[in-house]
Amino acid sequence: MDYVSILTNLLAPARDAATYATYRVVSIVFIVLMFVAAIAAIILVFLQPGNSQGIDALGGSSETFFGKNKGKSTEATLKRWTIICLVVLAVLAIVFFILQIDGIWS
């Protein structure tokens, strides 16, 4: 029993060397893109302020400039980019999963 060929078949669904090389390059590219999107999403979440107002929440709501113009503030921009990064990460993960199907590479 040839253990090297069994291990090679487990590592990639490709049967010949050229397809296997293409499979590896595509997999590495998708993994790097997912890693970058995940790190960007984590950093953007850490940059966002908390929803809690602390002791100010006990006094009731006060209208501020940032409350009126929330769509143009940095907080809204950070939330928008966080959503974009997470959607990109989800799409990349789904495409990466689909590329793991054996029928695509054989």
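Data for the structure
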{"item": "Residue, farthest from residue 95 (Cα to Cα), within the stretch 1-24, restricted to residues that are modelled with pLDDT of 65 or more, in a helix (DSSP H, G or I) and open to solvent by less than 90 Å² (accessible area, probe 1.4 Å)", "result": "17"}
{"item": "Residue in the stretch 33-50 that is loosely packed, with under 12 Cβ neighbours inside 10 Å, at pLDDT below 60 and small (Gly, Ala, Ser) present", "result": "no"}
{"item": "Count of the stretch 89-101 residues which are open to solvent by 70 Å² or more (accessible area, probe 1.4 Å) and part of a helix (DSSP H, G or I)", "result": "4"}
{"item": "Filter pass, residue 58 being loosely packed, with under 10 Cβ neighbours inside 10 Å and either in a helix (DSSP H, G or I) or at pLDDT 85 or above (or both)", "result": "yes"}
{"item": "Of all residues in the stretch 79-88 being under 13 Å from the mean Cα position of the chain (by Cα) and free of Cβ contacts under 8 Å to residues at least 24 places away in the same chain, the one that is surrounded by the most Cβ atoms within 10 Å (Cβ to Cβ)", "result": "84"}
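The values are calculated or read from the model by the stated rules, or taken from the named source; none is laboratory data. Keep in mind that what you see is a predicted model, and the values were worked out from it rather than measured. Every residue, glycine as well, gets a Cβ built from its backbone with ideal geometry; the counts of neighbours run over all protein chains shown. Please note that ligands, DNA and RNA were not included when accessible areas were found on the heavy atoms of the full protein model with its side chains. Shrake-Rupley method; radii C 1.70, N 1.55, O 1.52, S 1.80 Å.
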